[in-house]
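Everything on this sheet refers to the single structure shown next.
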Amino acid sequence: MRKAERSIYWFLLPSTLLLLIFTFYPTIYEITTSFFKIDYIKNITKFVGTSNYVQGISDPLFIVAVKNTFYFVILAVFFETLLGLILALFFNSLESRYAKFLRSIILIPMLLPPITVALTWKMMYDYNYGVINFFIELFGGKAIEWLNSPKLALLSIILTDIWQWTPFAFLVIFAYLQSLPQDIYESADVDGANYFQKLRYITLPLLKPAIFLTALLRTIDTFRVFDKVYVMTGGGPGNSTETISFYIYRNAFRYFQIGYSSSVAIIMVVIVLLFSTPYIRNLMRSTSQ
């Protein structure tokens, strides 16, 4: 092996070590811990096999958390991707000297810390003093219990997530849209195609990789939603906003069931992989065409 080739491996060594330390070791430790009953207070570590997994699958509250998480993921990812696509198409066709400034304004929500966003929207949703109910009452409506209603609390958090992360979907799709070859559109103009025909037969088919990539990234991230639930509702009212991540947190850091929470975390990873597989398959298929 030549000296230049050996130097490449030396440059890769630090990042490889960091990957092993901060990714593979925690993963192996998490899997190992999931087969034990651990009580740090009583200093007890007992091997229990797969009983933690059985307990998680059979726990009604965990089933509720899974349902809420799926509801959250499906609605949030769908509307974020759809709105991001609409915004990307709009700004791609916008011919104005203020277009760059407006694009920068749109990106602000995703640059804000999630905790800040959650606290801000929690105040906006406030029944007595929130600005949303203020405008509803201003136009003759009745104030709504946004975060205290079992039917509306989860939807309210979803709307907050859509507001914050639609700019991410817009950014990914818009960047891909800007890279599309223009000669195809010029040929379509020569053939007399209108805007909607070009959108249906050229733009949307070419945007499939970007759309699937956006949906995949947002699906993986949304499955881990915790901060907004923790700040805005704390899993309530009742268990109407309980998500898998919040369920893991509560069992690990409130009830100190470390082994059990580890098993639930592994179950969540498996669910995310299964749920993300169709996106990955469609993404690979669309990029290979």
Options 53, 29, 9: the member that is at pLDDT below 90, surrounded by 11 or more Cβ atoms within 10 Å (Cβ to Cβ) and not small (Gly, Ala, Ser): 29
Scan the stretch 51-71 residue by residue and report those that are β-branched (Val, Ile, Thr) and without any contact (Cβ under 8 Å) to a residue 40 or more places away in the chain. 54, 63
Just for helices (runs of 4 or more DSSP H) wholly inside the stretch 185-289: which have at least 1 residues that are more than 27 Å from residue 148 (Cα to Cα), at pLDDT 90 or above and of a type in the set (Ser, Thr, Tyr)? 208-223, 258-288
Exactly one condition in (1) within 24 Å of the chain's Cα centre (by Cα); (2) within 28 Å of residue 104 (Cα to Cα); (3) surrounded by 16 or more Cβ atoms within 10 Å (Cβ to Cβ); (4) not aromatic (Phe, Trp, Tyr) is not met by residue 224; state its number. (3)
Of (1) hydrophobic (A, V, I, L, M, F, W, C); (2) touching a residue at least 40 places away in the same chain (Cβ under 8 Å); (3) over 15 Å from residue 88 (Cα atoms), residue 170 satisfies all except one. Which? (3)
Checking residue 125 against (1) among the aromatic types (Phe, Trp, Tyr); (2) more than 21 Å from residue 235 (Cβ to Cβ); (3) surrounded by 14 or more Cβ atoms within 10 Å (Cβ to Cβ); (4) at pLDDT 95 or above, the condition it does not meet: (2)
Which ones in the stretch 11-50 are part of a strand (DSSP E or B) and either under 21 Å from residue 254 (Cβ atoms) or touching a residue at least 24 places away in the same chain (Cβ under 8 Å) (or both)? 36, 37, 38, 39, 44, 45, 46
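The values are calculated or read from the model by the stated rules, or taken from the named source; none is laboratory data. Computed from a prediction, not measured in an experiment: that's the story for all the values here. Note: ideal-geometry Cβ built from the backbone for every residue, glycine included; neighbour counts use all protein chains shown.
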